[in-house]
Amino acid sequence: MEHEKVLNLLIKAGILREADARRAVAEKKEDEDIFQTLLRLKILTDKDIIKFFENIMPHKIWRDEIHKIDIPSHILNAIPQEFLRRYKLVPVKYENGKLHVIMLNPLNQSLVNELRFYTKANNILTYFAPLSTIESILDKHYPKLGEVISELAPAEVEIEKEEEETPVDQLIHASEEAPIVKLANGLIYEAVRMGASDIHVEPFEKKVIVRYRVDGVLRIYHQLPVNIKDSLVARYKIMSNLDIAEKRKPQDGRIRIRIEGKKIDLRVSTVPTVYGEKVVMRIQEAERYLNIKLEELGFEEDDLDKFRNAIWKPWGMILVTGPTGSGKTTTLYSALMERNQPDVNIMTAEDPVEVAIPGINQVQVNERIGLTFSNVLRAFLRQDPDIILVGEIRDYETADIAIRASLTGHLVFSTLHTNDAPTTVTRLTDMGIEPFLVGSSLILVVAQRLVRKLCPNCKVPHDVPKEALVRIGLIDSPEEDLTIYRASEKGCDQCGYTGYRGRTAVFEIMEIDEDIRKMIIKGATADDLREVAVKKGMRTLYRSGLIKVRKGITSLEEVNRVLMQ
């Protein structure tokens, strides 16, 4: 075993006695490096270990100063901080394909292999550094969850509403113990403070992993002991009024809390996995939706004119499409806020109601009691509405009623899950809606995605050959002068060492004019519609992304990551 080889080397070097070596083996904890054991038992000191490496392999000692470390963001983001803290190691430099790592035991090959798995780096150079040095670097780049929780006053997270398997009464008792309550609140508090959009609590065989999605990218932030799995999940289920005894079926709920005076809604979803229930919480800040203007969403000036012109029309249907988490709700709520006047009757059917908006009549769909989108829509038509929002068109019946509402003097907003604007039309006809109804009702289709914005503090120029820029359409000729930017490899403290800070939307807006309407009624394909729409001025999602690259808002890598050319 690796630790026995290290102990033999220490004994041969005269640093360690055989009796102490046997004691270290006997008292070594699982997953603990042997040097950690020797330090914990006070058998050796940092000075003893430095002397050992000085005598037998001086090249293995890291001799640079703390302020000279240079950790690229893609390396920093790839390794869970619990792994670094548990095994006392930290990457300090990455150059010429070589990753330099300082650790208590640079001879531990299994840790090197695990690092290789996380970072995908083939060439890893390891060095010894004292425990105090490693921990000071970790504290600089990773906040401790314990510190986050200790900073958290009880009033800062207020739950506004709470209504072999471990017995339910034991689960309830465990989930209400102070450490679990603090941990559950602390994870939410930390994620909200970081601007995360989702929290993933994922059970595995020997650990529970906590990941946050920040600026659209998931990253591991914590690895927790597996024995807290059931009580932590039970705590979140109690907070969201779910059945803690039911572990075999997926469940959906909602947590409403207040953090530092802000109202936060969390949509909670649980799914049974091989090792237990996985919990995903979507974070939504209510006030944020109420204050966003259309101008702040990322529309180009001409696209904003098209969108604003459509939302002020007296009747017709406007569809916003894109995958989950692409900002559809924000776009629709911003449009509703612009139209929200005392002389306009706005009614929404949502599942769930994302944010309560003053002045708008919102209905929570509940399919278990028969309150479906289609039933709510039928009721709306007897409520004298001017504008109707349907949270999502999921089936033929909902689509049919929404389209007929738009043809009888109402302005209808809704969402669909399609890849781009032209395929939205064919999706409706695939549902069974007659092409002449689709063509007659649609006035605008918006497809959108979110891309990360470059950190303005640390972005750097990106040197790309002019021929490549011409080929992708960023410039018209090699003679054209254009500077584009990319994310800094090491990032800065303002962007959490990622090189990106915040997100903006890119849009593909297809106006339904007479020519396109006639094509839809004749049953044109999505490719035919796209070709004509582009000729008429529609900018594809990828072209919209390139405009953001030209303006220095985002990088070419980010556009290629999110959008298809």
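The values are calculated or read from the model by the stated rules, or taken from the named source; none is laboratory data. Quick caveat: nothing in here was measured; it's all calculated off a predicted structure. All Cβ positions, even for glycine, are placed from backbone atoms using ideal geometry, and neighbour counts span all protein chains on display. The area values use the complete protein model at the heavy-atom level, side chains included, leaving out ligands, DNA and RNA. Shrake-Rupley method; radii C 1.70, N 1.55, O 1.52, S 1.80 Å.
Identify, by number, the condition in (1) within 23 Å of the chain's Cα centre (by Cα); (2) closer than 30 Å to T423 by Cβ that D303 doesn't meet. Unmet condition: (1). Restricting attention to the range 399-431, the residues that are open to solvent by 10 Å² or more (accessible area, probe 1.4 Å) and small (G, A, S) total 1.
Within the range 221-249, the set of residues being under 20 Å from E354 (Cβ atoms) and open to solvent by 10 Å² or more (accessible area, probe 1.4 Å) comprises N241, L242. In the range 385-398, of all residues being more than 28 Å from the chain's Cα centre (by Cα), under 21 Å from Y333 (Cα atoms) and of a type outside the set (S, T, N, Q), the one that is surrounded by the fewest Cβ atoms within 10 Å (Cβ to Cβ) corresponds to D386. Looking at R382, R378, just one residue is in a helix (DSSP H, G or I) and open to solvent by 70 Å² or more (accessible area, probe 1.4 Å), and that residue is R378. Of I102, I79, I66, all but one fail to be within 30 Å of V217 (Cα to Cα), within 43 Å of the chain's Cα centre (by Cα) and modelled with pLDDT under 75; the exception is I66. Selection of the range 227-282 for residues being out of contact with any strand residue (DSSP E or B) (no Cβ under 8 Å at 6 or more places or on another chain) and in a loop (DSSP other than H, G, I, E, B) yields I244, A245, E246, E260, G261, V274. Scanning the range 324-369 for residues that are more than 19 Å from R254 (Cβ to Cβ), assigned to a loop (DSSP other than H, G, I, E, B) and open to solvent by 30 Å² or more (accessible area, probe 1.4 Å) gives N340, Q341, P342, D343, N345, P358, G359.
For the range 283-300, taking the residues that are charged (D, E, K, R) and assigned to a loop (DSSP other than H, G, I, E, B), the one that is farthest from V451 (Cα to Cα) is identified as K293.
Does the range 301-318 contain any residue that is assigned to a helix (DSSP H, G or I), closer than 30 Å to Y189 by Cβ, basic (K, R) and open to solvent by 20 Å² or more (accessible area, probe 1.4 Å)? No, that holds for no residue. Considering the conditions (1) touching an Asp or Glu at 6+ places or on another chain (Cβ under 9 Å); (2) modelled with pLDDT of 55 or more; (3) buried (at least 18 other Cβ atoms within 10 Å of the Cβ), L152 is excluded by exactly one of them, (2).
Among the residues making up the range 532-549, those that are surrounded by 14 or more Cβ atoms within 10 Å (Cβ to Cβ) and of a type outside the set (A, V, I, L, M) are R539, T540, Y542, R543, S544, G545, K548.
Among the residues of the range 85-98 satisfying the criterion of being among the charged types (D, E, K, R) and not in a helix (DSSP H, G or I), which is farthest from F52 (Cα to Cα)? Among those residues, the one meeting the criterion is E95.
Among the strands (runs of 3 or more DSSP E) confined to the range 410-491, the ones with at least 2 residues that are modelled with pLDDT of 90 or more and of a type in the set (K, R) are located at 442-454.
If the condition is being assigned to a helix (DSSP H, G or I) and either at pLDDT below 80 or open to solvent by less than 60 Å² (accessible area, probe 1.4 Å) (or both), then the range 13-36 contributes A19, D20, A21, A24, I34, F35, Q36. Taking the range 524-565 as the range and being closer than 15 Å to D302 by Cβ and outside any helix (DSSP H, G or I) as the test, the residues that pass are K536, G537, M538, R539, T540, K551.
Here T498 fulfils each of the conditions (1) surrounded by fewer than 21 Cβ atoms within 10 Å (Cβ to Cβ); (2) of a type in the set (S, T, N, Q); (3) at pLDDT below 90 apart from (1).
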